[in-house]
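Student: Sharing a structure below in structure tokens format, with a few things to ask.
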Amino acid sequence: MSQADIEAAERLRAAERQSLSTGVERWGNLLEMFFEQAAARADRPFLWAKHDGAWRALSWSETARRVCQVAEALKAGGVKAGDRVVIVSENRPEFAIADLGIMAAGAITVPTYTTNTVNDHRHILENSGAVAAIVSTPKLAKGVLQAAAQTNHCRTVVGIEPPKIAQTAEVAVLDWSEWLAPHPGDMVATRAGIAGLNRRSTACLIYTSGTGGAPRGVKQHHGAILHNVAGCIDIIKHDFHADDPETFLSFLPSSHAYEHTAGQFLPIGLGAEIYYSEGLEKLAANIEETKPTIMVVVPRLFEVLRQRMVKGIEKQGGLAPRLLAMAEKIGRRSYESGGVGWLDLPVDWLLDRTLKAKIRARLGGRLKAMVAGGAPLNPEVGLFFHSVGVTLLQGYGQTESAPVISCNRPAAKIKMHTVGPPLKDVDVRIAEDGEIAVAGELVMEGYWQNEAETARVLRDGWLYTGDIGHIDEDGHIVITDRKKDIIVNDKGDNVAPQRVEGMLTLQPEIAQAMVYGDRRPYLVGVVVPDAEYMMEWAAANGVKCDGLRENSEFVRTVQAAVDRVNASLSVIERVRRVIIADAPFSVENEQMTPSLKIRRHVLKAVYGARLEALYK
């Protein structure tokens, strides 16, 4: 490439960066944003997936053509403007194509989790009144068909992979490729057809993950998601070096509001490429292969990653554990003082070329930041990643705000105990009882067919989030707990359970925890021991892993770990006694949401009697 070509490419990138924020503000709907970006980028790669061991890309123009095909096929099948269409799929290019295609048909997307039970699917199909569903695999199609047969609306199921299921009298079962084949994908006609959509038009119904009961459908309008995209681009534009095109690795479920906006529509707004991860077991390899610049993840992943990194370094032996200890010590000092002191510079230089260099390489070598959202991040976990040279930004939001409300900014002081300042054009205030309220275009239109809940959380243009917190002197939001999760003991003292649980799970013996004690004299809890620790303890003590939950000596060992945490807690926060969980909290046993938050009401139903017995 000649110098003139290099300078021309640099001018193009500069022009694209300049137009990003103004572009998002002038786009009237999400399809307008997508089609403009596709027209500008044409044959550049956009959506990547692994097939037969190799990463293969769909270009922007081919993706746009397929989006138009979906819109045409839906209309030909009788789907009308405002109809709801469900998507049940893991992260893959077809998810984005179906999502955009449904919107391009003037319909409303209803993304749902692949982990949903038949009952979950039935609730969402019936509540949303969906007329059709697009499903990725035959296994998932089976559950959706069972649910659809029990509803009054859904009469078409399209399988992205051949469904291998016979058509029923109640529901037509179609093959994706055959369904799309008769339709050319006319972009001009499709773009003309979306002229009636505006920023207030409903784009999707995203059902909350149900930490406290049946999921509710959140009506996200086009403008809410575009507002989020503009706010996130504002951070990237001003806080990151934006000379290189961004690359995202999509890992969280695309049906979750966080990934749906930050992992799909934000990359579209940026003109970025999206790689779809092969799943948790291959995530580390995928990161090295795809070299992402930005990843959106949930705190639980950081907790697991931290544990694995620490254990891996300890097993290396030799100099590695000492380097990690030095990195953590210098990292804490630099975080507290705002920079590396001159006395620490030589050691920091050494760490940057040894320990930190290896970690950067394992993360692809181009990572600008990992952004955590969806649940609280323990500040100690954030400090660990800061110490090993990984920029970790904690943000905050909820489905009802499309979902991002605030985020720490890399160009300013990152405050691990906060969720950063609000995004551009987001108003935040604290109610008299400490509840955080939010206003702006990002706020939902309401819950689908649920006026009572809508009226409860939307008042005078403000969304009452249900989170308790305050705004510090730097304008950062500090969240102390969920309003409904706060434990009030028998003396009237308030305890934030998430803080205590976060500290418990930093212990090497403990993987997961839930504390309990509303209207009781002190806290007790249920803990899930770390699987690797259990195996090591069993081997060292000559017993089998299977019986450890009833082994009194092992229970005392776990309680000793709890007592170490108690030493740094206030009297009202201390966990006096614990029981060992029957099994890890998981999505499969419905004790965690798909975004990996614990479902307290489920855990209390399972363990409530045993926890109450600890008070006797």
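No value in this document is a laboratory result; all are computed from the given coordinates. Since this is a predicted model, take the numbers as computed values, not measurements. Here the Cβ positions follow ideal geometry from the backbone for every residue, glycine too, while neighbour counts run over all protein chains shown.
Student: Starting from 0.36 nm per residue, how many nanometres of slack lie between I572 and E314 once their C-alpha separation is accounted for?
Tutor: Contour length minus the Cα-Cα distance gives 89.4 nm.
Student: Which part of region 575-602 falls in the paramagnetic zone of C545, meaning amide N under 14 Å from the point 7 Å along Cα-to-beta-carbon?
Tutor: So the set is 583-584.
Student: For region 563-616, what does the equivalent ellipsoid look like in terms of its semi-axes, each the square root of 5 times an eigenvalue of the Cα gyration tensor, given largest first in whole Å?
Tutor: Largest first, region 563-616 gives 24, 15, 9 Å.
Student: Taking only the alpha carbons of region 229-328, what extent do you get along each of the three principal axes, in Å, biggest first?
Tutor: 47, 29, 23
Student: Quick one: if you stick a label point 7 Å off each Cα along the C-beta vector at D472 and L350, how many nm between them?
Tutor: 3.2
Student: May I ask you to compute the full-extension gain from R322 to A375, defined as 0.36 nm times their residue separation minus their alpha-carbon distance, rounded to one decimal in nm?
Tutor: 15.9 nm
Student: Here is a further query. With each label point set 7 Å from Cα along the Cα-Cβ vector, what nm distance links N589 and K491?
Tutor: 3.4
Student: Mean 1/r over all different Cα pairs, inverted: what Kirkwood radius does the chain give, in Å?
Tutor: 25.8
Student: Compute the length gained on full extension between D186 and A76: take 0.36 nm times their separation in residues and subtract their Cα-Cα distance, giving the result in nm to one decimal.
Tutor: 38.2 nm
Student: Something else now. Of the DSSP beta bridges with both residues in the chain, give the percent that are antiparallel, rounding to the nearest 5.
Tutor: Among the beta bridges of the chain, antiparallel pairing accounts for roughly 50 percent.
Student: Quick one: divide the alpha-carbon radius of gyration of region 487-613 by 2.2 N^0.38 Å and tell me what you get.
Tutor: Here the answer is 1.04, to two decimals.
Student: Follow-up question, since we're still on this one. Placing unit charges on C-beta atoms (Lys and Arg positive, Asp and Glu negative, everything else neutral), compute the dipole magnitude of region 28-221 about its Cα centre in debye, rounded to 20.
Tutor: 360
Student: Please state the relative contact order of the chain as a whole percent: Cα pairs under 8 Å, 6+ residues apart?
Tutor: Relative contact order, the chain: 11 percent.
Student: Right, another one. Over the alpha-carbon set of region 33-101, work out the extent along each principal axis and list the three values in angstrom, largest first.
Tutor: Cα spread of region 33-101 along its principal axes, largest to smallest: 37, 28, 18 Å.
Student: For N450 and A411, what is the calculated FRET efficiency with R₀ set at 35 Å and r taken between the beta-carbons, to the nearest 0.05?
Tutor: E between N450 and A411, to the nearest 0.05, is 0.30.
Student: Extending each Cα 7 Å along its Cβ direction at K424 and T115, get the distance between those two points in nm, one decimal.
Tutor: Simple spin-label model gives 3.5 nm for this pair.
Student: Which whole-number value in Å³ per residue fits the convex hull of the alpha carbons of region 282-411?
Tutor: 116
Student: Please state, as a whole number in µm²/s, the translational diffusion coefficient that the Stokes-Einstein equation yields for region 54-157 at 20 °C and 1.002 mPa s, with Rh defined as the Kirkwood radius across alpha carbon pairs.
Tutor: The calculation lands on 155 µm²/s.
Student: What percent of all Cα-Cα pairs in region 416-542 falls into each 10 Å bin, going from 0 up to the bin containing the maximum distance?
Tutor: 11, 29, 28, 22, 8, 3, 0
Student: In degrees from 0 to 90, rounded to the nearest 10, what is the angle of the helix 320-337 Cα long axis to the longest principal axis of the chain?
Tutor: Helix 320-337 sits at roughly 80 degrees to that axis.
Student: Going 7 Å from the Cα of H51 in the Cα-to-Cβ direction, what parts of region 87-105 have a backbone nitrogen less than 18 Å from that spot?
Tutor: Within reach of a label on H51: 90-98.
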